[in-house]
Amino acid sequence: MSNAINSEVSIFEKLNRLNLPEEEKDLIVENGARYRILEFEHKLKKIESEIAKLEKSFGQKFEDLETVGLPDEADYKTHENYMDLKALVYGRLEIQEKIKALKELFELE
């Protein structure tokens, strides 16, 4: 089977082709979701560390910076750091939402 065709088959279709009990398939998916949560949480810690560094350089939290804005005399590097901070904050929100969604899988049981 070529990679192009193989990549079009969903993981659930692949699991269904295996001669495994449903409980085993469920466990595979659950373990994968738990591992993915750990990956997201690790990434979240890195992002939060970067946010803290940038907020420290600005001397204020992102939310406060958004309210007051950058000084009129802010240089190019300051603007660049602000855009990096904003991207990190939105990235953090996206990862937090993914973690929440995956954790809800386990609360439904």
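Structure values in brief
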{"item": "Condition met for Phe106 (exposed (fewer than 13 other Cβ atoms within 10 Å of the Cβ), in contact (Cβ under 8 Å) with a residue 60 or more places away in the chain and either touching a helix residue (DSSP H, G or I) at 6+ places or on another chain (Cβ under 8 Å) or of a type in the set (Lys, Arg) (or both))", "result": "yes"}
{"item": "Exclusive hit being over 27 Å from Glu104 (Cβ atoms), in contact (Cβ under 8 Å) with a residue 12 or more places away in the chain and more than 26 Å from the chain's Cα centre (by Cα), set Leu54, Leu70, Leu65", "result": "Leu70"}
{"item": "Yes/no for Ala4 being exposed (fewer than 12 other Cβ atoms within 10 Å of the Cβ), at pLDDT below 95 and either outside any helix (DSSP H, G or I) or of a type in the set (Gly, Ala, Ser) (or both)", "result": "yes"}
{"item": "Enumeration of residues in region 53-79 that are of a type outside the set (Ser, Thr, Tyr) and exposed (fewer than 11 other Cβ atoms within 10 Å of the Cβ)", "result": "Lys56, Gly59, Glu63, Val68, Gly69, Pro71, Asp72, Glu73, Asp75, Lys77"}
{"item": "Meets criteria (of a type in the set (Val, Ile, Thr) and modelled with pLDDT of 90 or more) for Val9", "result": "no"}
{"item": "Test: residue in region 72-91 that is part of a helix (DSSP H, G or I), modelled with pLDDT of 95 or more and closer than 30 Å to Ser10 by Cβ", "result": "yes"}
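The values are calculated or read from the model by the stated rules, or taken from the named source; none is laboratory data. All of these numbers come straight from a predicted model, not from anything done at the bench. Counting neighbours? That spans all protein chains shown, and the Cβs are built from the backbone with ideal geometry, glycine included.
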